[in-house]
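Student: Structure incoming, see below.
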Amino acid sequence: MAKKTLIVYYSFEGNVDYVAGEVRRYLRLAMQKLVPEEEPPKSALKKFLIGGKDALTKKEVKLKTLQYRPEDYDTVIIACPVWAGTYPPAIAAFLKQYPFSGKDVYLIGASAGGNASKMFEKLKGELSGNTVKDTLSLKSPLKNKQAVTEQVGDFCRKNGL
Ligand SMILES: Cc1cc2nc3c(=O)[nH]c(=O)nc-3n(C[C@H](O)[C@H](O)[C@H](O)COP(=O)(O)O)c2cc1C
C-alpha cells in the first residue's frame with residue numbers, strides 16, 4: 001500500500017506557502033497549513049523584533065483546528081521559516097498539541113540566509129521517537145522560485161517520496 005504523506009507547514013510571508021505548493025507538484029499528499037490565532041505585526045522592524053522574541057521565548061499560540069492530523073500518516077514533512085535561528089511559535093504549538101512518534105519525518109526550512117541547520121537541530125530535539133530522514137534548506141524561495149522548484153524536485157526524488 002502506498003505510504004501516506006502529510007505536509008504540515010507554517011508561512012508568515014508566503015515563502016513556505018510557495019514551497020508547500022511545489023512539494024505538492026511532486027507528491028500526492030495531504031496539506032495542513034498551521035494558522036495561529038495570533039501573529040507578529042507585519043511591519044518591517046516590528047516583525048523581526050516581536051517575531052524573533054516570540055520564537056526564542058517559545059511564546060504559546062493557539063492554532064486553528066487541524067483538518068489532517070499526523071497520527072493518520074506514515075510520513076510527515078514539516079516546513080517552516082527560520083525565525084531568529086529557530087522554528088516559529090506555530091510549529092512549537094503543533095508539536096506540543098499534536099505529539100506523534102514512529103513516523104518518518106522530513107524537515108524543510110526557508111530562510112533569508114539559506115542555512116536552516118540550527119533550526120533543524122532544534123526541531124530534531126522535539127521529534128524523539130521519530131526518524132528524521134532528511135532536511136532541505138531553502139534560501140528566500142519567492143526570490144529564487146526556479147532554483148527552489150529544482151531543489152524540491154531533487155529532494156523528493158532522492159528520498160523516494
Ligand atoms: C520574525 C522573523 C525572524 C527571522 N529570522 C531569520 C533568521 O534568524 N535567519 C534567517 O536567515 N532568516 C530569518 N528570517 C527570514 C525568513 O526566515 C525568510 O524570509 C523566510 O523565507 C520566510 O518564510 P515565510 O515567507 O513563509 O514566512 C526571519 C523572518 C522573520 C519574520
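The values are calculated or read from the model by the stated rules, or taken from the named source; none is laboratory data. Because the structure is a prediction, the values reported are computed rather than measured. So basically every Cβ, Gly included, is an ideal-geometry build from the backbone, and we count neighbours across all protein chains shown. Surface areas here come from the heavy atoms of the whole protein model, side chains and all, with no ligands, DNA or RNA. Shrake-Rupley method; radii C 1.70, N 1.55, O 1.52, S 1.80 Å.
Student: With a cut-off of 19 Å, note down the residues of segment 62-82 whose backbone N falls inside the zone around a label point 7 Å from the Cα of K118 toward its beta carbon.
Tutor: Answer for this model: 80-82.
Student: Give the range of the longest stretch in the chain that excludes all GluC sites (Glu not before Pro) found in loop regions by DSSP and having at most 15 other beta-carbon atoms within 10 Å.
Tutor: 61-125
Student: Taking a label point 7 Å from the Cα of E13 along the Cα→Cβ vector, which residues of segment 40-81 have an amide N closer than 17 Å to it?
Tutor: Within reach of a label on E13: 40-56, 80-81.
Student: Note the full-extension length gain between Q97 and A147 as 0.36 nm times their separation in residues minus their Cα-Cα distance, in nm to one decimal.
Tutor: So the extension gain works out to 14.6 nm.
Student: With every protein chain present, what is the per residue accessible area of the chain (1.4 Å probe, Å²)? Spell out each step's value before the answer.
Tutor: Numbers: 8480 Å² over 161 residues.
Here the residues of the chain average 53 Å² of exposed surface.
Student: Roughly to the nearest percent, how much of the accessible area of the chain is carbon and sulfur, given a 1.4 Å probe?
Tutor: 49 percent
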